[in-house]
Every structure is written in structure tokens, then in C-alpha cells.
Amino acid sequence: MDRKNNTGKLGKGLGALLGANEYSVLAANSAARVKADSNTKIHVDAIEVNPGQPRVDFDEAALNELAQSIKTYGLIQPITVRPIANGRYQIISGERRWRASKLAGLTEIPAFVRSVDEVMSIQMALVENIQREDLNAIEVAVSFRRLLDECNLTQDELSDKVGKDKTTIINYLRLLKLTTDVQIAVRDSRISMSHARVIAGFDTPEIQNKILKDILEKGLSVRDTELLAKNLSAEVKPKKRPARVKLSNELQQFKKDMSAQFNTRVGITRNPSGKGKITIPFESDAQLQELVKMLSARK
């Protein structure tokens, strides 16, 4: 699916995202282990995509342009991979370059090999893509969620790694609570993230989709959307439940005796004005008939 992404800058370089010490140690250890392979060429068919790749859509026109450039000049920037089983490799970063290289007809491409485990591979893939600025807001939100869940990061640790405050991260994560229709609209840049933040203030899918429809059909600004949300909030504001009065010890004992006699949980509620009700639940017609007999016998 073709689309334009307008996500703001989220990172300050891979070293900042991973942490300077962590990244330098990783790089040094990897270089020591695979120094001979640091500039190796790998057959394109021996390379697999990373299931942790946050980007799920690739602009076909841009991909074809890159393929044409690779035909002319070759792949200038190697991709980064990690070795897996049976002589195969998994992409850490550079899936777009790998795809374009295949379109260009290359059979081998240059690659940096990094001996890292799966968790670190996922972390590197996620933060590398966030750093590149070309993920849309939904993909960024998914990346943040995966870094928290799969890499066992706290929100404070994630904030340090991506250089964003916790409020920004939380705002992205809230996008994942939106309906599919709203998320697609954000992904395709038909509504802004500010619009989406207003919509995310409602938990009801029907209301979320109604606001989306109004934004798209009426061309509502963010301010207009906020006013619409304010009006809707007033309409759907739940009514206050009537205050209940604590039952006296006498009524508590009566309730307990009734429950024992009818072999079911009898309920008694009353409000400050003295109004209330007694409820005797039943689970079958047979139990209802038994209750009727018992109540009739009390006359």
C-alpha cells in the first residue's frame, strides 16, 4: 500500500537509542566474533525478513526508484543481518534495501553480520526503524509496545532509549486502543495524530468511528473535533447511581435468614428516602416453583 509518512523525529541515533555503553559493547563484541565476515556478501535467497520488523508497508514507487539506483550504482549501504540456522541470515535492518536489490536482479548483496540474540535483534530492528523517521504513528506505537513487552523495558527505560518523555510514549500507546478504521486513517495520514488523541478519549468503538466519520466528511479541524468530543461526552456521561444506605444489623440478619431459607442469595437495597427492593434470584423454572410454594406457605 502506497502512502506518505509524516511521523516526527523520534530518535537521536542508534547509540542513543540503545544506550552508548550498550551499543559500543555490542558492536565491539560482534566485530570481534565476525571480523572476517564484516564485509561479506550474502546470497539474497539466504536472507529472511525479520518478524520483528515494525514497518509493514513499503511504497512501491519508492522501492522501484531505489531498485533502479541499485542497478546503476550497486548497493552502497550494506544491510545488517544475524546468522540463524542452516546457513541462513535474518535481517536486523535494511529490509527495504534487500527488497530493492532483489527487484534490481542482484543475487548477492553486502551485509554486516552481527551475532546477537533474538531479543537484541528485535530491539535493534525496532529502534533502527524508529530512528529512520519513516514510520507512521501506528507503526511507532506498535514499536513502542513491542519494546515494552518483548524486550522487557519499563516506560522509563524506553523513554531514555528513544529520547522521548513518557507522556509522548503514552500518547502513542493510546493509539493502539483505537478501532481498526481509526488506526487505518492515522496510518494513511487521513487524520492527524492530534485528531486521533481526541478520539482515543472514548472507549466505545461506535463513538470512535462516528467521530472519524465526521472528521472525514466535514473536514473537521482538531479544534472542531475537540468541541464535538466535548458535546458527545456530555451526551454519554453516565447518570449518577442513586446513593445506597447501609443496611441495619436487623436487616442484615433478615437477609441472611431469607437466603438460608430459600437456598439462594437474597438481596436488599434501599436509598436515603427509604425506597428500595428485595430480590430473590432463581436459576430454573423448578427453583421458581419451589420459591412460589415457600412464599405462599408464609401467608
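Dipole orientation for the stretch 102-258: of the candidates MET258, PRO110, ILE199, MET258 has the Cα lying most toward the positive pole (charges on Cβ; Lys, Arg +1; Asp, Glu -1). The distance linking the stretch 104-118 with the stretch 249-290 is 72 Å (Cα centroid to Cα centroid, whole angstrom). Each Lys and Arg adds +1 at its Cβ and each Asp and Glu adds -1 at its Cβ; summed about the Cα centre, the stretch 179-236 shows a dipole of about 180 debye. State which entries of LYS166/LYS230; LYS166/LYS218; LYS164/LYS230; LYS177/LYS230; LYS164/LYS210 exceed 24 angstrom in Cα-Cα distance in the structure shown. Pairs exceeding 24 Å: LYS166/LYS230; LYS166/LYS218; LYS164/LYS230; LYS164/LYS210. In the stretch 133-174, inverting the average of 1/r over every pair of distinct C-alpha atoms gives 10.1 Å as the Kirkwood radius. When each of the peptides 269-275, 101-107, 186-192, 73-79 is scored by how many other beta carbons lie within 10 Å of its residues on average, the order from highest to lowest is 186-192, 101-107, 73-79, 269-275. Under the convention that each Lys and Arg Cβ holds +1 and each Asp and Glu Cβ holds -1, the size of the dipole of the stretch 93-231 around its Cα centre is about 360 debye.
All of the numbers you see were taken from the coordinates with simple rules; none came from a lab. Worth saying up front: this structure is predicted, and the values here are computed from it rather than measured. Don't worry about glycine lacking a Cβ; one is built from the backbone with ideal geometry, like all the others, and counts go over all protein chains shown.
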